[in-house]
Amino acid sequence: MASDPEAEKETREGFIRGLGLLDSTMIVAGSMIGSGIFIVSADIARQVGSPGWLLVVWLVTGFLTVGAALSYGELAAMMPRAGGMYVYLKEAFSPLWGFLYGWTHFLVIGTATIAAVSVAFSRFTGILFPKISESNYLIEPIRIGSSSYALSLSTAQLLGIVMIVALTFMNTRGLKLGKLVQNTFTFAKTGSLIALIILGIIVGLVWYPEIAAANFGDLWTVRGSVQNVGATPANDSAATLTSLLTALGMLIAICVAQTNSLFSADAWHNVTFTAGEVVNPKRNLPLSLLLGTGGVIALYLLANIAYLVTLRFEDMQKIPSDRVGSATADVIFPGAGAVIMAIAIMISTFGCNNGLIISGARAYYAMAKDGLFFKAAGELNKFHVPAWAIVIQGILSVLYVLPRTVNQAADGKVTYGNLYGDLLTYVISAALIFYILAIAAVFVLRVKQPDAERPYKAFGYPIIPALYIIGASIILVVLFVYQTTATWPGLVIVLTGVPVYFIWKAMAANTARQ
């Protein structure tokens, strides 16, 4: 490794290459598996209306995620240094595009996700300890003027904050502790998910064969408001029109449902933020991306099969709080499923947040080294990690736990949501824009830097990268047309980075002249 000039460069910057292939794969898988797979299938079931289309949604997500990873690996092996997508977009397009991604990741994608996962941890802890609840207030909601927002501190929020602070502190103490936590919790939660799948399929097929027969024997009949794909109108013209409308409606439903499934599979690329700390990155980064995404997507598909052999599809659509994983566990262990699944999700979310905290801060480190973020974030501490980048990330994540959205019903009843939930909904489409640009960067850099060393070349190039770009672009267009209120604000969030970029650039130029 000493002969690798890129490794020597990173070593001189102070990073320790301490992440092997297993560690890198655990970051990929651990950052992907949170609480989403145990919840979102219920909402997807309502959106697409049938067991077959539910599986299609996850297959589309799988194709997009694994296809992106197969292509993205070329960039990771080509530029194995801290920063990940920030670096790739900067090199392929311009520093502005790299900054817009890094800014959006800092402002929402990374920090709001950390907040969301921490509160998900608290919610499921509340099943074991009922006093931990979003409605058990230490500080009652304080309305901010006449706006639809408030500030509060509940026991659930407090536990979420404690989780963020603890993981942030641990990850400032060095990579060795962070990767130990990551590997331990990723193995535990992967094992829990595998156990749920195996036991669910066995119990469902052996004790409740009628459920599997009902779901898999009638895969495509739509339950609910979506039209039946097999409907037969009275005449040929009407049949053609109905078929077209039905196909369009299902395409829209599948695309809209991707906001759930893609979010559950998000953060698959986060390991590339830590490229400066990966051993033999030109080999291990592409491999970890493939192994991590391929393994997780396979588990996600199998988990949905387990749901469909233990729960009637109509029941999946109506599960309280969308806790489909808990409902399946309750079929396997009657009366104890909720507690067992709560423990599994607590393990899962803890490991997920550790992976997000380890990786995200390295992007801000790379930005700071370019003079486009707080200067302190570009420095490593005595443990060879960007401690201030980790701390700044943790501060904003904690701040996102406190604000609440205020929802007032027609009868005057007031309920409270979470600001980070709205922000994450807004930026799902914006994140997809950056993913499309990142895969497009494979094509751009083949032209701009034809002689650059490419230890790994995108599998299936140019077909697989092109298919990803086309498929993701179709989903993006549908979201912007049919989910306007949830997508356009995300574009505004991204664009806030434009003036910030020029301000930081000017400040960096002034500092350089002094």
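Within region 361-384, identify whether any single residue is in a helix (DSSP H, G or I), open to solvent by less than 10 Å² (accessible area, probe 1.4 Å), of a type in the set (D, E, K, R) and closer than 30 Å to residue 22 by Cβ, and answer yes or no.
Yes: region 361-384 contains one or more residues that are in a helix (DSSP H, G or I), open to solvent by less than 10 Å² (accessible area, probe 1.4 Å), of a type in the set (D, E, K, R) and closer than 30 Å to residue 22 by Cβ.
Considering only region 209-217, I want to know if a residue exists there that is surrounded by 13 or more Cβ atoms within 10 Å (Cβ to Cβ), among the polar types (S, T, N, Q) and over 25 Å from the mean Cα position of the chain (by Cα). Lay out the reasoning, then the answer.
Kept after step one, since they are surrounded by 13 or more Cβ atoms within 10 Å (Cβ to Cβ), are these residues of region 209-217: 211-212, 214-216.
Still in the running and among the polar types (S, T, N, Q): 215.
Narrowing further to those that are over 25 Å from the mean Cα position of the chain (by Cα): 215.
Looking for residues that are surrounded by 13 or more Cβ atoms within 10 Å (Cβ to Cβ), among the polar types (S, T, N, Q) and over 25 Å from the mean Cα position of the chain (by Cα), one finds at least one in region 209-217, hence yes.
Out of all the residues in region 11-25, which are under 14 Å from residue 273 (Cα atoms), touching a Lys or Arg at 6+ places or on another chain (Cβ under 8 Å) and in a helix (DSSP H, G or I)?
Result: 23, single match.
Could you check how many residues of region 399-428 are of a type outside the set (Gly, Ala, Ser) and part of a loop (DSSP other than H, G, I, E, B)? If you could, list the steps in order and put the result at the bottom.
Here is the first cut: in region 399-428, the residues of a type outside the set (Gly, Ala, Ser) are 399-408, 411, 413-416, 418-420, 422-428.
Then drop every residue that is not part of a loop (DSSP other than H, G, I, E, B), which leaves 402, 411, 413.
Residues that pass the stated criteria total 3.
Please indicate, with yes or no, whether at least one residue in region 310-330 is open to solvent by 30 Å² or more (accessible area, probe 1.4 Å), polar (S, T, N, Q), on the phi > 0 side of the Ramachandran plot and touching an Asp or Glu at 6+ places or on another chain (Cβ under 9 Å).
Taking every residue of region 310-330 in turn, none turns out to be open to solvent by 30 Å² or more (accessible area, probe 1.4 Å), polar (S, T, N, Q), on the phi > 0 side of the Ramachandran plot and touching an Asp or Glu at 6+ places or on another chain (Cβ under 9 Å).
Examine region 249-272 for a residue that is open to solvent by 30 Å² or more (accessible area, probe 1.4 Å) and over 22 Å from residue 434 (Cα atoms), and state whether such a residue exists.
yes
Taking region 126-162, which residues are under 21 Å from residue 37 (Cα atoms) and open to solvent by less than 10 Å² (accessible area, probe 1.4 Å)?
160
Could you tell me which residue of region 447-472 is farthest from the chain's Cα centre (by Cα), considering only residues that are buried (at least 17 other Cβ atoms within 10 Å of the Cβ) and of a type outside the set (A, V, I, L, M)?
Filtering region 447-472 for residues that are buried (at least 17 other Cβ atoms within 10 Å of the Cβ) and of a type outside the set (A, V, I, L, M), the one farthest from the chain's Cα centre (by Cα) comes out as 454.
Those residues that are part of a helix (DSSP H, G or I) and either in contact with a Pro (Cβ under 7 Å, 6 or more places away or on another chain) or open to solvent by 30 Å² or more (accessible area, probe 1.4 Å) (or both), I need them from region 273-293; list them, please. Write out each step before concluding.
If we filter region 273-293 for residues that are part of a helix (DSSP H, G or I), which is where we start, we get 273-277, 281-293.
Answer for region 273-293, where residues must be part of a helix (DSSP H, G or I) and either in contact with a Pro (Cβ under 7 Å, 6 or more places away or on another chain) or open to solvent by 30 Å² or more (accessible area, probe 1.4 Å) (or both): 275, 281, 282, 283, 285, 287, 290, 291.
Between 152, 146, which is outside any helix (DSSP H, G or I), over 20 Å from the mean Cα position of the chain (by Cα) and touching a residue at least 12 places away in the same chain (Cβ under 8 Å)? Outline the logic, then answer.
Working: 146 fails: touching a residue at least 12 places away in the same chain (Cβ under 8 Å).
After applying the criteria, what remains is 152.
Answer yes or no as to whether residue 38 is of a type in the set (Phe, Trp, Tyr), touching a residue at least 60 places away in the same chain (Cβ under 8 Å) and surrounded by fewer than 23 Cβ atoms within 10 Å (Cβ to Cβ).
Answer is no for this residue.
Given (1) farther than 30 Å from residue 378 by Cα; (2) open to solvent by less than 30 Å² (accessible area, probe 1.4 Å), where does residue 116 come up short, assuming only one miss?
It is condition (1) that residue 116 fails.
Under 20 Å from residue 265 (Cα atoms), modelled with pLDDT under 90 and among the hydrophobic types (A, V, I, L, M, F, W, C), is that true of residue 410?
Here the answer is no, as residue 410 does not meet what is asked.
With the requirement that a residue be polar (S, T, N, Q) and closer than 11 Å to residue 261 by Cβ, what does region 40-65 give you?
Correct list: 41, 47, 61, 65.
Conditions (1) more than 17 Å from residue 87 (Cα to Cα); (2) free of Cβ contacts under 8 Å to residues at least 40 places away in the same chain, marked per residue:
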{"residue": "362", "(1), (2)": "no, no"}
{"residue": "410", "(1), (2)": "yes, yes"}
{"residue": "429", "(1), (2)": "yes, no"}
{"residue": "441", "(1), (2)": "no, no"}
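From 91, 74, grab the single residue that is among the acidic types (Asp, Glu), open to solvent by less than 10 Å² (accessible area, probe 1.4 Å) and either at pLDDT 95 or above or at negative phi (or both).
Details: 91 fails: open to solvent by less than 10 Å² (accessible area, probe 1.4 Å).
Of 91, 74, the one residue that is among the acidic types (Asp, Glu), open to solvent by less than 10 Å² (accessible area, probe 1.4 Å) and either at pLDDT 95 or above or at negative phi (or both) is 74.
The values are calculated or read from the model by the stated rules, or taken from the named source; none is laboratory data. As the structure is a prediction and not an experimental result, all values here were calculated from the model. Every residue, glycine among them, receives a Cβ derived from its backbone with ideal geometry; neighbour counts consider all protein chains shown. With ligands, DNA and RNA removed, areas are computed over all heavy atoms of the protein, side chains included. Shrake-Rupley method; radii C 1.70, N 1.55, O 1.52, S 1.80 Å.
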